[in-house]
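The values are calculated or read from the model by the stated rules, or taken from the named source; none is laboratory data. The structure displayed is predicted, hence computed values, not measured ones. A quick note on method: Cβ atoms are made from the backbone with ideal geometry, for glycine too, and the neighbour counts reach across all protein chains shown.
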Amino acid sequence: MTKQTKNDPDAATALSAWFAGRLPDGWFAGPPEVHADREEILVVGRLPEPDTTGLDDAARVTAHHARIAGFREDTRADRMRIADEAEQKFGRKVAWGAECGQERAVFTSLSIPVMTRLRMPERRVLDTLVDAGVARSRSEALAWCVRLVRHHEGDWIEQLREALVHVEAVRAQGPGAQS
């Protein structure tokens, strides 16, 4: 089993290369996006768009959703087999997704519990979201807050990720680095 560290550009490249080589030709209209964290690998591919000439916007969206649903059903057994191989090789679960037009769906992605300690002002924010019906629980409210930050500060978060890649590279060259 190969367990790669977070923010390791070589690990990301290895994952992308493995999936590019392992996936059947014709599944996607180009190489899939491959993202990973400590627990999960997410593989999302763009599907060829169906011919929607003459359809209105709502019908186009329906066609795109149908294309994604068809891909999900038609490839289920193969995706499960490939995921099992990847889990053995990389030590993480695999989630799948597909895009068609402007529509995107992720299948069976993990929902990982995260422990945190919050002081009263932060708890009050979560409780306000629950009381207002924005979320059903503090946990859901916290996930909502994280999605909001990701949406509004996505560029900044991406810059942090890129900086961490450089930090990992420097650490790998420092004292105690394996040669």
_Extreme residue, surrounded by the fewest Cβ atoms within 10 Å (Cβ to Cβ), among residues of the stretch 73-97 that are without any contact (Cβ under 8 Å) to a residue 60 or more places away in the chain and under 26 Å from VAL146 (Cβ atoms)_ = GLU87
*asked:* Consider the stretch 102-143. How many of its residues are assigned to a loop (DSSP other than H, G, I, E, B), closer than 30 Å to GLY45 by Cα and not hydroxyl-bearing (Ser, Thr, Tyr)?
replied: 5
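A quick yes/no check of all residues on (1) in the same structural domain as ARG171 (by TED's automatic domain parsing); (2) under 30 Å from ARG161 (Cα atoms); (3) at pLDDT 95 or above:
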site: THR5; (1), (2), (3): no, yes, no
site: GLY30; (1), (2), (3): no, yes, no
site: LEU42; (1), (2), (3): no, yes, yes
site: THR52; (1), (2), (3): no, no, no
site: VAL61; (1), (2), (3): no, no, yes
site: GLY70; (1), (2), (3): no, no, yes
site: ARG76; (1), (2), (3): no, no, yes
*If a residue has to be of a type in the set (D, E, K, R), more than 19 Å from PRO24 (Cβ to Cβ), touching a strand residue (DSSP E or B) at 6+ places or on another chain (Cβ under 6 Å) and assigned to a helix (DSSP H, G or I) to count, how many in the stretch 58-96 make the cut?*
0
*Looking at ARG22, is it exposed (fewer than 14 other Cβ atoms within 10 Å of the Cβ), of a type in the set (D, E, K, R) and more than 27 Å from HIS166 (Cα to Cα)?*
yes
*For the stretch 106-161, enumerate the residues that are aromatic (Phe, Trp, Tyr) and loosely packed, with under 12 Cβ neighbours inside 10 Å.*
TRP156
*List every residue pair whose Cβ atoms lie under 9 Å apart, where the two residues are 6 or more positions apart in sequence or sit on different chains, the first residue falls within the stretch 157-179 and is without any contact (Cβ under 8 Å) to a residue 40 or more places away in the chain, and the second residue, located anywhere, is among the β-branched types (Val, Ile, Thr).*
ILE157/VAL149; ALA172/THR5
